[in-house]
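Student: My questions all concern the structure below.
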Amino acid sequence: MEALKIRGTIKEYDWGSKDFLPGLFGYPETGKPQAEAWFGTHPLGEALLEDGRTLSSLISEDPEKYLGRTTVDRLGNSLPMLFKVLAISTPLSIQCHPTREIAREGYAKEAPLREKGVPLSELNYKDPNQKAEVIYALTPVTAMCGFRSFDEIVEDLGRLIPAAYAKYFSSMKNIAQLFERLYTLSGDDLSQVIDEYVDSLARSGEPVWDREVFLTRRGIAERAWKLYGYDPGLLCPYLLNVMELDVGEALYLEPRTLHAYVLGNGIELMSLSDNVLRGGLTHKKVDVPELMRVMIAEPFSGGKAQISPDAEGRSVVRTPSDDFLLKVMSDSSYVLNDDVPSMLLCTDGSAKIGSLELKKGECCFVPACIGKLEVFVSGRLFQATVPTDEELGN
């Protein structure tokens, strides 16, 4: 058995870049935004083998052979992760994702709606799976992640919207109360808040860019204003932490963390789930009560993900997720010998996976049954894999 080349699915969303993914994968620009490249078994974007079969159909022939006993015992008979490349030109919607327990509960609760044929776009839970994710910066990436402290939020809102703050928010005692008040304002009241906010930003003298590559809070808000108008999410740059990822840095987003990617290009690895609770900067459904129930309305205590080498010299993005693990290999030789599946994506130069050659923009699936496999990298190779029991500390 050898590694098998797979072809991903390109997703066209309005927030995508017109040139980054074509440049990486070597196909002509279409003139349309190309936002995501998917590699995995998600039914909305299956990876295909060279013979045209889906990756999921291959795995279903013998899950233990292709996924390994470790994966099957812990996570079931499906590939538990989705491997992506993101090309972000404008802010994505503000969102958070459920834990496994919340997802199972929500999915079961919405079963009668699915049976009635309610469109998936009107449901909060598309599947019973958790959704954790990590993003690794291929270029500088701006993101919003988790709430700032209540005092920081109050200080900035009091400065930017003094009249609206006194009228609508001065009696709020914590983040949850303030957020719910903002997101339940009437249309006229929200317009008053945002009119004052936009005017204050324009007169503030705050910079729009940091180091010429990262959007500031003002930069995010003004870009979002042009796209979404009177949306409560417009205030989120001053509610949430703005994170700047330099090339080679990563950010882990555990379930229940309110966040949004804003600008840049990166590798994303996530649980195999499409459960999204949106919180603004979107034209899609926003269920405020369910969002409030799921999201953590406390100051964010996390930060950038730790990246450290493993015994083989691979750079490992350390996260607590049991669904996935992201590793990076650069300009060297390595030996893979884990009883878990992998997907390998070459983003620079070339790589040799056993006898298989990968060029820039090519990806392969490495079944768990292969055993020992030599890898030679001249450039950069990303490995999306399932953590072993040892890596989870079990």
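Student: What is the number of the single condition among (1) small (Gly, Ala, Ser); (2) at negative phi; (3) open to solvent by less than 40 Å² (accessible area, probe 1.4 Å) that ALA108 does not meet?
Tutor: It is condition (3) that ALA108 fails.
Student: Tell me yes or no: at least one residue of the stretch 198-220 is among the basic types (Lys, Arg), under 27 Å from ILE296 (Cβ atoms) and without any contact (Cβ under 8 Å) to a residue 12 or more places away in the chain.
Tutor: First, the residues of the stretch 198-220 that are among the basic types (Lys, Arg): 203, 211, 217-218.
Checking which are under 27 Å from ILE296 (Cβ atoms) leaves us with 217-218.
If we keep only those that are without any contact (Cβ under 8 Å) to a residue 12 or more places away in the chain too, we end up with none.
The answer is no; no qualifying residue exists.
Student: Next question, about the same structure. Pairs only if they're at least six apart or on different chains, beta carbon under 7 angstrom, first in the stretch 167-194 and on the phi < 0 side of the Ramachandran plot, second modelled with pLDDT under 95; list them, first residue then second.
Tutor: none
Student: Residue under question is TRP209, and the condition is that it be open to solvent by 80 Å² or more (accessible area, probe 1.4 Å) and of a type in the set (Phe, Trp, Tyr); does it hold?
Tutor: Details: open to solvent by 80 Å² or more (accessible area, probe 1.4 Å): yes; of a type in the set (Phe, Trp, Tyr): yes.
Yes, satisfied.
Student: In this structure, is GLY16 out of contact with any His (no Cβ under 8 Å at 6 or more places or on another chain) and either open to solvent by 40 Å² or more (accessible area, probe 1.4 Å) or closer than 22 Å to ASN275 by Cα (or both)? Lay out the reasoning, then the answer.
Tutor: Values: out of contact with any His (no Cβ under 8 Å at 6 or more places or on another chain): yes; either open to solvent by 40 Å² or more (accessible area, probe 1.4 Å) or closer than 22 Å to ASN275 by Cα (or both): yes.
Yes: the conditions hold for GLY16.
Student: To continue, here is another question. State whether the residues of the stretch 294-306 include one that is open to solvent by 30 Å² or more (accessible area, probe 1.4 Å), more than 21 Å from the chain's Cα centre (by Cα) and over 20 Å from ASP246 (Cα atoms).
Tutor: No, the stretch 294-306 contains no residue that is open to solvent by 30 Å² or more (accessible area, probe 1.4 Å), more than 21 Å from the chain's Cα centre (by Cα) and over 20 Å from ASP246 (Cα atoms).
Student: Restricting the search to the stretch 233-265, which residues are open to solvent by 20 Å² or more (accessible area, probe 1.4 Å) and either small (Gly, Ala, Ser) or in contact with a Ser or Thr (Cβ under 9 Å, 6 or more places away or on another chain) (or both)?
Tutor: Step one: list which residues in the stretch 233-265 are open to solvent by 20 Å² or more (accessible area, probe 1.4 Å), which gives 241-244, 246-249, 252, 254, 256, 263, 265.
VAL242, MET243, GLU244, VAL247, GLY248, TYR252, GLU254, ARG256, LEU263, ASN265 - these are the residues of the stretch 233-265 that are open to solvent by 20 Å² or more (accessible area, probe 1.4 Å) and either small (Gly, Ala, Ser) or in contact with a Ser or Thr (Cβ under 9 Å, 6 or more places away or on another chain) (or both).
Student: Please determine, by comparing only the residues of the stretch 167-189 that are farther than 16 Å from TYR238 by Cα and either of a type in the set (Val, Ile, Thr) or in contact with a Phe, Trp or Tyr (Cβ under 8 Å, 6 or more places away or on another chain) (or both), which one is surrounded by the fewest Cβ atoms within 10 Å (Cβ to Cβ).
Tutor: GLY187
Student: Oh, and also: For the stretch 152-159, indicate whether the set of residues that are modelled with pLDDT of 95 or more, farther than 22 Å from CYS236 by Cα and surrounded by fewer than 21 Cβ atoms within 10 Å (Cβ to Cβ) is non-empty.
Tutor: Scanning the stretch 152-159, I find no residue that is modelled with pLDDT of 95 or more, farther than 22 Å from CYS236 by Cα and surrounded by fewer than 21 Cβ atoms within 10 Å (Cβ to Cβ), so the answer is no.
Student: Could you pull out the residue among THR71, THR99, THR41 that is in contact (Cβ under 8 Å) with a residue 12 or more places away in the chain, β-branched (Val, Ile, Thr) and surrounded by fewer than 21 Cβ atoms within 10 Å (Cβ to Cβ)? Break it down stepwise before answering.
Tutor: Details: THR71 fails: surrounded by fewer than 21 Cβ atoms within 10 Å (Cβ to Cβ); THR41 fails: surrounded by fewer than 21 Cβ atoms within 10 Å (Cβ to Cβ).
Exactly one of THR71, THR99, THR41 is in contact (Cβ under 8 Å) with a residue 12 or more places away in the chain, β-branched (Val, Ile, Thr) and surrounded by fewer than 21 Cβ atoms within 10 Å (Cβ to Cβ), namely THR99.
Student: So in the stretch 130-151, with the set limited to residues that are more than 16 Å from ILE175 (Cα to Cα) and more than 15 Å from the chain's Cα centre (by Cα), which one is surrounded by the fewest Cβ atoms within 10 Å (Cβ to Cβ)?
Tutor: Top of the filtered list is THR139.
Student: Turning to a different aspect of this structure: Which of (1) within 22 Å of ARG278 (Cα to Cα); (2) buried (at least 19 other Cβ atoms within 10 Å of the Cβ); (3) among the hydroxyl-bearing types (Ser, Thr, Tyr) does SER121 not meet, given it meets every other one?
Tutor: (2)
Student: Working carefully through the options ALA111, ALA87, find the one that is within 16 Å of the chain's Cα centre (by Cα) and farther than 21 Å from PRO387 by Cβ.
Tutor: Details: ALA111 fails: within 16 Å of the chain's Cα centre (by Cα).
Step by step, each of ALA111, ALA87 is checked, and only ALA87 is within 16 Å of the chain's Cα centre (by Cα) and farther than 21 Å from PRO387 by Cβ.
Student: Could you say which residue among GLY146, GLY117 is assigned to a loop (DSSP other than H, G, I, E, B) and small (Gly, Ala, Ser)? Walk me through how you get there before you give the answer.
Tutor: Values: GLY146 fails: assigned to a loop (DSSP other than H, G, I, E, B).
It is GLY117.
Student: Shifting gears a bit: How about the stretch 329-381: which of its residues are touching a Cys at 6+ places or on another chain (Cβ under 8 Å), within 22 Å of LEU82 (Cα to Cα) and of a type outside the set (A, V, I, L, M)?
Tutor: CYS346, LYS359, LYS360, GLY361, GLU362, CYS363, ARG380
The values are calculated or read from the model by the stated rules, or taken from the named source; none is laboratory data. As the structure is a prediction and not an experimental result, all values here were calculated from the model. Cβ atoms come from the backbone with ideal geometry, glycine included; neighbour counts cover every protein chain shown. These area figures cover heavy atoms from the full protein model, side chains too; ligands, DNA and RNA do not enter into them. Shrake-Rupley method; radii C 1.70, N 1.55, O 1.52, S 1.80 Å.
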